[in-house]
Amino acid sequence: MKIIQAIEVVDLIGDGSTIMIGGFLGCGSPDGIIDELISNRKKAFTIITNDTAFPDKGVGKLIVARGAKKVIASHIGTNPETQRQMIEKEIEVELVPQGTLVEKIRAGGIGLGGILTPTGVGTTVENAKQKITVDGKDYLLELPLRADFALIKAKRADYYGNLQFALTARNFNPIMALAADKVIVEVEEIVPVGSISPDDVHLSGVFVDYVIVGGRK
């Protein structure tokens, strides 16, 4: 685990990268990292995220700044700018049910070849999917998701990179850290090793590559 400044993220993440960004409607999103990407006009990202938040919050800011060429998310209903860009074909949007999305990410993180889900069976969704029957019940094969980078937000880290998340920030942030080649974490503070109780270590430092200290978001 290496401690870096937010500006250094710009040199790590190239245009066109696939990035996972944690958070739920902006809660638990690494806003400091997002702001640096916007300030330095980074673009053409494929973004994997639960949602695109709001135009002025979280991933939504990156959408407004035209930083994405494609979004894979469970919903975009709270961000009219994502909807506008999709309708105008300025951005590609792939909508994935929330439970399926997190399982696709988990599959990518632990090395599975995919997951089987009944969600979407009998709808137009199945037209583009492989259907598999198990014990007489139909399932759709959903392929795993991985990314070049996971950009996540944690409450605190110790100097080994062990992370503690706060409340709903645990929804997507920890699982995304398993499914990316490099993990960059924005934290509110870094504390001495041992300061985080073992019961409160929500993600082991073995998954963390870089840590940035940012303010409360």
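The values are calculated or read from the model by the stated rules, or taken from the named source; none is laboratory data. Quantities reported herein were computed from a predicted structural model and do not represent experimental measurements. For neighbour counting, all protein chains shown are included, and Cβ atoms are generated from backbone atoms with ideal geometry for every residue, glycine included.
Worth a mention:
- Some residue of segment 118-137 being crowded, with 21+ Cβ neighbours inside 10 Å and modelled with pLDDT of 95 or more: no
- Search result, residues across segment 1-39 that are surrounded by 15 or more Cβ atoms within 10 Å (Cβ to Cβ) and either assigned to a loop (DSSP other than H, G, I, E, B) or touching a His at 6+ places or on another chain (Cβ under 6 Å) (or both): Met1, Ile4, Ile13, Ser17, Gly22, Gly23, Leu25, Gly26, Gly28, Ser29, Pro30
- The residues in segment 83-96 that are touching a residue at least 24 places away in the same chain (Cβ under 8 Å) and in a helix (DSSP H, G or I) can be counted, and the count is 0.
- Residue check for Lys69: of a type outside the set (Asp, Glu), in contact with a strand residue (DSSP E or B) (Cβ under 8 Å, 6 or more places away or on another chain), more than 18 Å from Thr168 (Cβ to Cβ) and at pLDDT 95 or above: yes
- Qualifying residue in segment 89-99 (condition: touching a Leu at 6+ places or on another chain (Cβ under 9 Å) and under 22 Å from Lys182 (Cα atoms)): no
- With respect to the stated conditions, Lys42 fails to be touching a residue at least 24 places away in the same chain (Cβ under 8 Å), in contact with a helix residue (DSSP H, G or I) (Cβ under 9 Å, 6 or more places away or on another chain), in a helix (DSSP H, G or I) and not acidic (Asp, Glu).
- Taking first residues from segment 52-77 that are on the phi > 0 side of the Ramachandran plot and in contact (Cβ under 8 Å) with a residue 12 or more places away in the chain and partners that are of a type in the set (A, V, I, L, M) and buried (at least 19 other Cβ atoms within 10 Å of the Cβ), the Cβ contacts under 9 Å between residues at least 6 apart in sequence or on separate chains come to Ala53/Leu25; Ala53/Val59; Ala53/Ile63; Gly58/Ile21; Gly58/Leu25; Gly58/Ile34; Arg66/Ile91.
- Of all residues in segment 170-181 being in contact with a Leu (Cβ under 7 Å, 6 or more places away or on another chain) and of a type in the set (Gly, Ala, Ser), the one that is surrounded by the fewest Cβ atoms within 10 Å (Cβ to Cβ): Ala179
Quick grid of which residues meet (1) among the charged types (D, E, K, R); (2) part of a loop (DSSP other than H, G, I, E, B); (3) crowded, with 23+ Cβ neighbours inside 10 Å; (4) touching a residue at least 40 places away in the same chain (Cβ under 8 Å):
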| residue | (1), (2), (3), (4) |
| --- | --- |
| Leu140 | no, no, no, no |
| Arg156 | yes, no, no, yes |
| Gly161 | no, yes, yes, yes |
| Thr168 | no, no, no, yes |
| Ser195 | no, yes, no, no |
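- Considering segment 124-153, and only residues there that are among the basic types (Lys, Arg) and within 24 Å of the chain's Cα centre (by Cα), the residue that is nearest to Val59 (Cα to Cα) turns out to be Lys153.
- Residue count for segment 17-60, restricted to those that are under 21 Å from Val96 (Cα atoms) and of a type outside the set (Asp, Glu): 27
- All positions within segment 70-82 that are outside any strand (DSSP E or B) and surrounded by fewer than 16 Cβ atoms within 10 Å (Cβ to Cβ): Gly77, Pro80
- Selected residue (only one of Ile212, Ile184 is crowded, with 18+ Cβ neighbours inside 10 Å, touching a Leu at 6+ places or on another chain (Cβ under 8 Å) and β-branched (Val, Ile, Thr)): Ile184
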